[in-house]
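**Student:** Please see the structure below; I have some questions.
The values are calculated or read from the model by the stated rules, or taken from the named source; none is laboratory data. The model shown is predicted, which means the values in this text are computed figures rather than measured ones. So basically every Cβ, Gly included, is an ideal-geometry build from the backbone, and we count neighbours across all protein chains shown.
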Amino acid sequence: MVSPEAVTILADLALVTGKCGRPRNGLIVVTPGGNLAGLRKAGIGTENSIQDQLTTGKLKGLFVFGEDPVGAGLLSAADLEKLELLVVVSPWMTETAGAASVVLPGATPLESCGTYISCDGKERSFSRIQKPLGGFDNLQVISALTNALGVNHSADCKVDATGNVQLMLPEDGKLFKTVAVVDAALRRFNEKIGV
């Protein structure tokens with residue numbers, strides 16, 4: 001794992017030498033899990049205080065969608081035991097799912113539609129090629145959960161005239177917290193590549 005300081009130095013070096021924004025040049029930041037670039041582009045970031053709130057016992061419940069923070073070494077199962085409620089949506093029984101109060105079946109990319117942002121910053125759309133084994137794709141899980149919470153929103157995969165797939169989510173901030181990129185190196189890098 002590369003430290004945040006090392007990423008800052010590498011990003012600065014790439015900017016100073018003019019290696020960003022040109023084909024076959026620049027940095028590729030590979031992160032665990034899928035489509036982190038897409039989440040950041042959508043304005044959805046990680047909340048650093050979640051881990052602090054979890055370890056101090058201030059956080060009472062946590063919803064984990066398609067991630068395995070225990071398996072990735074970001075949290076421990078002991079940290080999660082402090083929660084009153086842990087809900088995990090995952091197509092696999094991960095270490096985090098093993099610690100959950102409730103596990104809902106998630107869909108794999110083969111069972112879902114949507115978009116990814118590739119390492120070179122390009123949006124790539126994909127379509128479902130098989131029905132979800134759990135009966136619901138990820139968008140249907142989101143819709144069912146928001147409806148159960150009284151938000152009454154239908155998340156749906158819409159294909160526009162050009163064939164691009166778009167995820168439709170509420171804009172009122174009830175589903176996700178939109179945050180600004182606070183890492184100066186990442187912000188400069190995103191500005192340089194136009195994200």
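**Student:** From the set of residues in segment 124-163 that are at pLDDT below 75 and of a type in the set (A, V, I, L, M, F, W, C), which is farthest from Trp92 (Cα to Cα)?
**Tutor:** Looking at residues that are at pLDDT below 75 and of a type in the set (A, V, I, L, M, F, W, C), I get Ala161.
**Student:** Sticking with this one: Can Asp79 be described as over 19 Å from Asn138 (Cβ atoms) and either without any contact (Cβ under 8 Å) to a residue 12 or more places away in the chain or buried (at least 16 other Cβ atoms within 10 Å of the Cβ) (or both)?
**Tutor:** So Asp79 fits the description; yes.
**Student:** I'd like to check something: does segment 103-112 contain any residue that is among the hydrophobic types (A, V, I, L, M, F, W, C), exposed (fewer than 14 other Cβ atoms within 10 Å of the Cβ) and touching a helix residue (DSSP H, G or I) at 6+ places or on another chain (Cβ under 8 Å)?
**Tutor:** no
**Student:** OK, next. Counting only residues that are acidic (Asp, Glu) and in contact with an Asp or Glu (Cβ under 9 Å, 6 or more places away or on another chain), which one in segment 66-121 is farthest from Ala144 (Cα to Cα)?
**Tutor:** This residue is Glu95.
**Student:** Still on this model: One residue is enough: does segment 114-124 have a residue meeting the conditions surrounded by fewer than 16 Cβ atoms within 10 Å (Cβ to Cβ) and on the phi > 0 side of the Ramachandran plot?
**Tutor:** Looking for residues that are surrounded by fewer than 16 Cβ atoms within 10 Å (Cβ to Cβ) and on the phi > 0 side of the Ramachandran plot, one finds at least one in segment 114-124, hence yes.
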